[in-house]
1. Starting from the Kirkwood Rh over alpha-carbon pairs, what translational D in µm² s⁻¹ does segment 81-124 have by Stokes-Einstein at 20 °C and 1.002 mPa s?
2. Whole number please: convex hull volume per residue, Cα atoms of segment 21-99, in Å³.
3. Tell me, what is the 1.4 Å probe accessible area of Asp99, in Å² to the nearest 10?
4. Rounded to the nearest percent, how much of the accessible area of segment 48-108 (1.4 Å probe, protein heavy atoms only) is carbon and sulfur?
5. Can you give the accessible area per residue of segment 23-96, in Å², using a 1.4 Å probe?
6. Could the peptides 64-74, 22-32 be put in order, highest first, of the mean number of other beta-carbon atoms found within 10 Å of their residues?
7. Please list Val49, Val19 from largest to smallest accessible area, probe radius 1.4 Å, with all protein chains kept in place.
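The values are calculated or read from the model by the stated rules, or taken from the named source; none is laboratory data. Predicted model, so just to flag it, every value in this text is computed and none were measured. Methodologically, a virtual Cβ is constructed for each residue, glycine included, from the backbone with ideal geometry; neighbour enumeration extends over all protein chains shown. Ligands, DNA and RNA are excluded from the accessible area calculation, which covers all protein heavy atoms including side chains. Shrake-Rupley method; radii C 1.70, N 1.55, O 1.52, S 1.80 Å.
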Amino acid sequence: WFGHSWMRREAAVSTPLVVISQVYGAGGNSGAPYRHDFIELFNRGSVTVDLTGWAIHYASATGTTWQRTLLGGNLQPGQRYLIQQASGGGSGIALPTPDTIGTIAMAATAGKILLTRTDTVPGSTSGCPAGQTVVDLVGYGSATNCFEGSARGPALRPR
């Protein structure tokens with residue numbers, strides 16, 4: 001495999017119930033196994049979550065401008081939600097039928113992905129979005145200046 005992906009290790013945590021479980025950049029680039037970038041959500045809870053009004057946001061590793069893809073529909077317990085994003089070219093196979101299609105071109109080496117219960121990015125004095133509407137945040141790659149917890153995720157690696 002020549003693409004790049006990051007996959008969250010799903011620990012037994014009580015909240016949040018919906019998490020960003022996979023991130024893939026470099027979709028469509030030369031040698032990529034998939035034609036599009038994508039983000040996958042996972043409902044690790046025991047109840048259905050209505051994603052109407054929720055959004056996924058992306059910013060570059062040190063960027064402050066966020067791009068948005070609106071979400072909708074229900075995410076059943078134990079199910080995944082595929083968000084197809086932009087393509088860097090014609091290489092790779094098509095993704096399975098996505099639940100939502102966006103137009104964000106995600107970097108393969110470093111970036112920030114935010115899941116919110118609203119369509120706006122909440123502000124923060126530290127530069128990282130924070131607040132009640134933030135559901136999950138993934139910062140990947142060594143250059144990323146915003147991430148959840150005490151360390152950023154690894155750079156997307158060949159898969």
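1. The diffusion coefficient I find is 168 µm²/s.
2. Enclosed volume per residue, from the Cα hull, is 103 Å³.
3. Solvent-accessible area, nearest 10 Å²: 90 Å².
4. Ligands and nucleic acids excluded, carbon and sulfur reach 50 percent.
5. 42
6. So the order, starting with the most tightly packed, is 22-32, 64-74.
7. Most to least solvent-accessible, the answer reads Val49, Val19.
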